[in-house]
Amino acid sequence: MIQIPIPLIPTEEGGLLIPAEQVTALLRRVAEDWQEATDADETDADAPTVLAMTGVLNRLADQIDAECIACTTASGEAH
(Lines give C-alpha, C1' and ligand atoms only; values in the text may rest on other atoms or scores of the structure.)
Protein backbone atom coordinates (compact mmCIF):
# COMPACT_ATOMS: atom_id res chain seq x y z
CA MET A 1 0.00 0.00 0.00
CA ILE A 2 1.32 3.43 -0.91
CA GLN A 3 1.61 6.29 1.51
CA ILE A 4 1.92 9.79 0.16
CA PRO A 5 1.88 12.75 2.54
CA ILE A 6 -0.68 15.25 1.31
CA PRO A 7 -0.69 18.73 2.83
CA LEU A 8 -4.15 20.15 3.40
CA ILE A 9 -4.63 23.90 3.13
CA PRO A 10 -7.57 25.35 5.08
CA THR A 11 -9.65 28.03 3.39
CA GLU A 12 -11.29 31.01 5.06
CA GLU A 13 -14.66 29.36 4.38
CA GLY A 14 -13.67 26.27 6.38
CA GLY A 15 -12.94 24.03 3.39
CA LEU A 16 -9.73 22.22 2.63
CA LEU A 17 -7.59 22.41 -0.49
CA ILE A 18 -4.99 19.97 -1.77
CA PRO A 19 -2.14 21.34 -3.91
CA ALA A 20 -2.55 20.32 -7.55
CA GLU A 21 0.93 18.82 -7.75
CA GLN A 22 -0.01 16.50 -4.89
CA VAL A 23 -3.18 15.42 -6.71
CA THR A 24 -1.32 14.70 -9.94
CA ALA A 25 1.44 12.85 -8.07
CA LEU A 26 -1.20 10.71 -6.37
CA LEU A 27 -2.94 9.90 -9.67
CA ARG A 28 0.35 8.93 -11.30
CA ARG A 29 1.42 6.85 -8.29
CA VAL A 30 -1.87 4.92 -8.26
CA ALA A 31 -1.47 4.23 -11.99
CA GLU A 32 2.13 3.10 -11.43
CA ASP A 33 1.12 0.79 -8.57
CA TRP A 34 -1.64 -0.79 -10.70
CA GLN A 35 0.83 -1.40 -13.50
CA GLU A 36 3.45 -2.86 -11.14
CA ALA A 37 0.85 -5.18 -9.59
CA THR A 38 -0.21 -6.36 -13.04
CA ASP A 39 3.39 -6.88 -14.17
CA ALA A 40 4.07 -8.92 -11.02
CA ASP A 41 0.84 -10.89 -11.55
CA GLU A 42 -0.45 -9.72 -8.15
CA THR A 43 -3.93 -8.79 -9.34
CA ASP A 44 -6.93 -10.44 -10.95
CA ALA A 45 -7.32 -7.52 -13.37
CA ASP A 46 -6.38 -8.24 -16.95
CA ALA A 47 -3.54 -6.28 -18.52
CA PRO A 48 -5.64 -4.44 -21.17
CA THR A 49 -8.02 -3.18 -18.48
CA VAL A 50 -5.17 -2.00 -16.27
CA LEU A 51 -3.52 -0.32 -19.25
CA ALA A 52 -6.76 1.52 -20.03
CA MET A 53 -7.24 2.58 -16.40
CA THR A 54 -3.66 3.76 -15.99
CA GLY A 55 -3.95 5.69 -19.24
CA VAL A 56 -7.03 7.50 -17.94
CA LEU A 57 -5.32 8.41 -14.67
CA ASN A 58 -2.20 9.67 -16.43
CA ARG A 59 -4.23 11.71 -18.92
CA LEU A 60 -6.21 13.24 -16.06
CA ALA A 61 -2.97 14.15 -14.27
CA ASP A 62 -1.62 15.68 -17.50
CA GLN A 63 -4.84 17.67 -17.95
CA ILE A 64 -4.65 19.03 -14.41
CA ASP A 65 -0.99 19.98 -14.94
CA ALA A 66 -1.78 21.71 -18.23
CA GLU A 67 -4.71 23.63 -16.77
CA CYS A 68 -2.61 24.76 -13.80
CA ILE A 69 0.19 25.90 -16.10
CA ALA A 70 -2.31 27.78 -18.26
CA CYS A 71 -3.88 29.39 -15.20
CA THR A 72 -0.50 30.37 -13.76
CA THR A 73 0.69 31.74 -17.10
CA ALA A 74 -2.53 33.70 -17.64
CA SER A 75 -2.46 35.20 -14.14
CA GLY A 76 1.24 36.04 -14.50
CA GLU A 77 0.61 37.91 -17.76
CA ALA A 78 -2.19 39.99 -16.25
CA HIS A 79 0.16 41.78 -13.84
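The values are calculated or read from the model by the stated rules, or taken from the named source; none is laboratory data. Just so you know, these numbers come straight off a predicted model, no measurement behind them. Cβ: placed from backbone, ideal geometry, glycine included. Neighbour counts: every protein chain shown. Heavy atoms of the whole protein, side chains included, go into the accessibility calculation; ligands, DNA and RNA do not. Shrake-Rupley method; radii C 1.70, N 1.55, O 1.52, S 1.80 Å.
Points worth noting:
- Between helix 47-78 and the chain: long-axis angle, C-alpha atoms, 0 to 90°, nearest 10: 10 degrees
- Burial ranking of peptide ranges 49-60, 23-34 (average Cβ count within 10 Å, highest at the top): 23-34, 49-60
- Accessible surface calculations at 1.4 Å, restricted to protein heavy atoms, place the chain at 75 Å² per residue.
- Fraction of accessible area attributable to carbon and sulfur, the chain (%, probe 1.4 Å): 60 percent
- Rg over Rh, two decimals, the chain (C-alpha only, Kirkwood Rh): 1.11
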